[in-house]
Amino acid sequence: MKILCASLLFTCFASPALALQGSDDCSTPTLIAGQGTFAYDNSLATTGTEGQSEALCYDFGTSAIDNDVWFEWTSDMDGTAVVTTCLGTSDDTKIAAYPGGICPGSGTGGTALACNDDTCGLQSSIEFPVVNGSTYLVQLGNFPGSSANQAGTFQIIGDDPVLNPANGHYYDWVSVGTPLDWDSANLQAQASSHLGLGGHLLSVNDVPEHLFIVQTFGQEGWIGLFQDHNDPSYSEPGGGYIWSTGEPLGVFVPWSPGQPDDGNGNEDYAVLTNQGGWDDMALDGSMLVSGFYVEYEGTQTIVYCHGDGSGTPCPCGNSGNNGEGCANGGGSGGMLRSTGSTSVGTGDLVLTGDQLIANQPGLYFQGNNAISSGNGIPFGDGLRCAGGGVIRLQVRFASSSGSSQTSVNIPATGGIAAGDTKRFQLWYRDPNTSQCGASFNLSNGLEITFGS
């Protein structure tokens, strides 16, 4: 987590963004972009109806933000953004952030990514995962009952994840400023990326990784461990715990003394405490957990052969979106991603397919080449992207939600050596809703370079 530098007061007043003051209307926010210092003036602002009922904003008996002004910020980075009024005003501020493009529903709540009242005295600071090029709404105002006395400034900076050189993974601790539940933390972690690597809640596999996290951050936050009541090994208080990535729980389990205890009969989610142990907690963390750990892994992984029409057209005009294959009967394209490391020795790479046809089989396969310069060629309802020396890795059935993942050792099954670059794809069945009539489709391609 990045600590703000004390020289902020000297840099605040040199930014060209200081002419931007914020909009009193959420539907027409002031547009800002990139990292820097930005001016706001809410001294004449009214209190709008949007963003006044967010659970993340509940503090000191209220969720409201008075005298609020709005900005729409375009991120210039992947990772975590910090938005703060610390050292930028003496007013009692309150800040919230939301996905861009649409105002939060008035009176309904539930879309805030982060919200905070007091971090540094009466001023505010929030953190939330961001993706380069995406937009986010920033709501800035006062704690209810306090006055907007003066114009001020706020700063947006990047909180870069930290590289663990032992395994090549990046890690970050994110604090949203107010309590959040495990599900919200999981969704935010999955929506984040860094250097093109997808994020997920932290999964810990060994002592060195655990010590790196504890010594680098030392903060309390949600991790990706949860208790699956459908797991064959499920029992209370400690049976059936798995990682959100699908990885099984290993032999290293640094539970705090007396944990897990399922103390309230509903404690199925794990928190890494600031003492370095794990505690089991309820889904809402008893409204005590305001941070979470994100892990970014899978070095040198490239998504290619998009079924969005940017390369080879899909067979019958059934384009999907960027980063996925041609559209299937469900309306979306199959999406192939990876988790775990690209280490041949570790062998923990997992290929994951999403947006597939529920309960239908799919073949994960490997090739040496990216077909047609990576644009693919028409094949069935999709595009064939990987070829040359094809190896069948594993057949897996999609779940009822349209997801599947490999369980074999990919480097061992594919005969992969350190330094090899391989291409991967998922060929799956679509027998009843096939858009082009071929009854099968394919995901996007993945290009992965392996290390030792």
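For the reader, a short list of remarks on this structure follows.
- Residues in the stretch 340-390 that are crowded, with 23+ Cβ neighbours inside 10 Å, more than 27 Å from the chain's Cα centre (by Cα) and of a type in the set (Gly, Ala, Ser): GLY376, GLY382, ALA386.
- Among the residues of the stretch 315-339, the one identified as surrounded by fewer than 24 Cβ atoms within 10 Å (Cβ to Cβ), among the hydrophobic types (A, V, I, L, M, F, W, C) and within 21 Å of SER193 (Cα to Cα) is MET335.
- Filtering TYR241, TYR234, TYR269 for residues that are aromatic (Phe, Trp, Tyr) and in contact with a Pro (Cβ under 9 Å, 6 or more places away or on another chain) leaves a single hit, TYR241.
- Here the stretch 34-93 is the region considered, the condition is being surrounded by fewer than 24 Cβ atoms within 10 Å (Cβ to Cβ), in a strand (DSSP E or B) and over 26 Å from the mean Cα position of the chain (by Cα), and the residue that is modelled with the lowest pLDDT is THR62.
- Residues being among the β-branched types (Val, Ile, Thr) and within 12 Å of ASP41 (Cα to Cα) - total across the stretch 132-150: 0
- Just one residue in the set ASP284, ASP262 is touching a residue at least 60 places away in the same chain (Cβ under 8 Å) and surrounded by fewer than 22 Cβ atoms within 10 Å (Cβ to Cβ); that residue is ASP284.
- Matching residues in the stretch 393-419 - criterion: being touching a residue at least 60 places away in the same chain (Cβ under 8 Å) and assigned to a loop (DSSP other than H, G, I, E, B): GLY402, ASN409, ILE416, ALA417, ALA418
- Subset of the stretch 220-242 that is closer than 18 Å to THR273 by Cβ and touching a Leu at 6+ places or on another chain (Cβ under 8 Å) - its residue that is surrounded by the most Cβ atoms within 10 Å (Cβ to Cβ): TRP222
- Of the strands (runs of 3 or more DSSP E) lying entirely inside the stretch 231-285, those containing at least 3 residues that are within 23 Å of the chain's Cα centre (by Cα), within 23 Å of VAL207 (Cβ to Cβ) and aliphatic (A, V, I, L, M) are 269-272.
The values are calculated or read from the model by the stated rules, or taken from the named source; none is laboratory data. What you are looking at is a predicted structure, and each value in this text was computed from that prediction instead of being measured. Reconstructed Cβ throughout: ideal geometry from the backbone, glycine too, with neighbour counts over all protein chains shown.
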